[in-house]
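One structure is given below, encoded as C-alpha cells.
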Amino acid sequence: MQFLSRKETRNKIVILNPKGGCGKSTIATNIAACYASRGMSPALMDFDRQASSIAWLQRRPTDLPQIHGIDAHKKSMQATRSWQLRVPSDVRTLIVDSPASVTHDDLRELTRDSSSILVPVLPSPMDIHAASRCIADLLLVAKVNRNERKLAVVANRTRKNTKSFAQLMRFLDSLGIPIVAVLRDTQNFVYSAEHGIGVHEMQPSRVRPDVKQIDTLVDWLDRWEDRRKRAIEISNISRQRVSPSAILQKNSASGPTSLY
Ligand SMILES: Nc1ncnc2c1ncn2[C@@H]1O[C@H](COP(=O)(O)OP(=O)(O)OP(=O)(O)O)[C@@H](O)[C@H]1O
Ligand SMILES: [Mg+2]
C-alpha cells in the first residue's frame, strides 16, 4: 500500500501573476468563500505584504462559514517559518494569494506541491504582455510540467463585445492553456472585497453570472486529482515507449527480422 503525505492529498491552489491589480486577491477570496459555502473549511494563505486577503478575512462576518487565515508575509521572530506556515491537518483545500512582483525563487517556492495554478489576466495590451511573461516563467523557471495540466488562466474584468476582450481571448487561445473562467467587470467583486464575503454569499439575483463563473472555476479545480493521475500515466507510457533507434539496435543485434 502506498501512503501519501498530506501535501500530496491537499488541493493547493496558487493564484499568481506578478502584474499588480489583475485580480489575484479577488479570485483567491472568492474561491475560498465558495469552498467555505460548500462546507469544506478551506485555508487562505496570503504572501502579499499588503495582506488584502487577510484583511478581507478580518472583515468577514462571524456568522458565515469559517476560513482559516495564514498570514505568510509576516515573519515572526518567535516562531520558525514552517510553524508559521503550518496548515491545520484537517484542511483539504489551501488557497494561496501571492504578491505582485515575485523573484524566481519565490515563484518556485509558491508553486511547490501545487495542484493548480491560476493566472488572472486583464484585457489590456500591458496585462497580456505581463501574463505571457508570467506563463513563460512558470514553464521555464518553476518548471511546471504542461502534462500535469495544472496551469490555467482566468480572464478578469472583461466587457463582452469590446476590442480588448477579443484581443485577450485571441491571446489566451494561442497559448493552448485552458481559460477556466471569464469574470465580468462588475461592482459585485468590489462589494465582496469590502465586506469580507464572496459572490456566493450575496443576494443570488444580483450575482448569478458571477457565481456561475466561480462555480465553473471551482469545478475545474476539483478535478486536480484526475489531472495528476493522467499526468503520471502519460509519463509512465512515455518512459516505457521504446525509441525507434533502440528497436533498430535490437534488430541488428539479433539478425534480420520482418516487422510485419
Ligand atoms: N471582476 C472585477 N470587476 C470589478 N472590479 C474588480 C474585478 N476584479 C478585481 N476588481 C477590483 O480591482 C482591484 C484589484 O483587484 P485585486 O486586489 O484582486 O488585484 P491583485 O492582483 O490582488 O492586486 P495586487 O497585485 O495589488 O495584490 C480591486 O479594487 C478589486 O476590487
Ligand atoms: Mg492582492
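Any read-out appearing in this document is the output of simple, stated calculations on the displayed coordinates, not a laboratory observation. Everything numeric here is computed off the predicted structure, so don't read it as measured data. Using ideal geometry, Cβ is built from the backbone for each residue, glycine included, and neighbour counts are taken over all protein chains shown.
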Q: Kindly establish whether Leu122 is away from ligand 2 (no atom under 16 Å from the Cβ), surrounded by 14 or more Cβ atoms within 10 Å (Cβ to Cβ) and of a type outside the set (Phe, Trp, Tyr).
A: no
Q. Are there any pairs with C-beta distances below 8 angstrom linking a residue in the range 104-124 that is of a type in the set (Gly, Ala, Ser) to a residue that is assigned to a loop (DSSP other than H, G, I, E, B), with the two at least 6 apart or on different chains, and if so which?
A. Ser114/Lys150; Ser115/Arg10; Ser115/Lys150; Ser116/Lys150
Q. Limited to the range 183-196, what total is found for residues that are more than 10 Å from ligand 1 (Cβ to nearest atom) and free of Cβ contacts under 8 Å to residues at least 60 places away in the same chain?
A. 0
Q) Right, Asp113: in contact with an Asp or Glu (Cβ under 8 Å, 6 or more places away or on another chain) and surrounded by fewer than 20 Cβ atoms within 10 Å (Cβ to Cβ) or not? A) yes
(Q) I'd like the full set of residues that are assigned to a helix (DSSP H, G or I), within 12 Å of ligand 2 (Cβ to nearest atom) and either surrounded by fewer than 20 Cβ atoms within 10 Å (Cβ to Cβ) or in contact (Cβ under 8 Å) with a residue 60 or more places away in the chain (or both), limited to the range 14-56. (A) Lys24, Ser25, Thr26, Ile27, Ala28, Thr29, Ser52, Ala55, Trp56
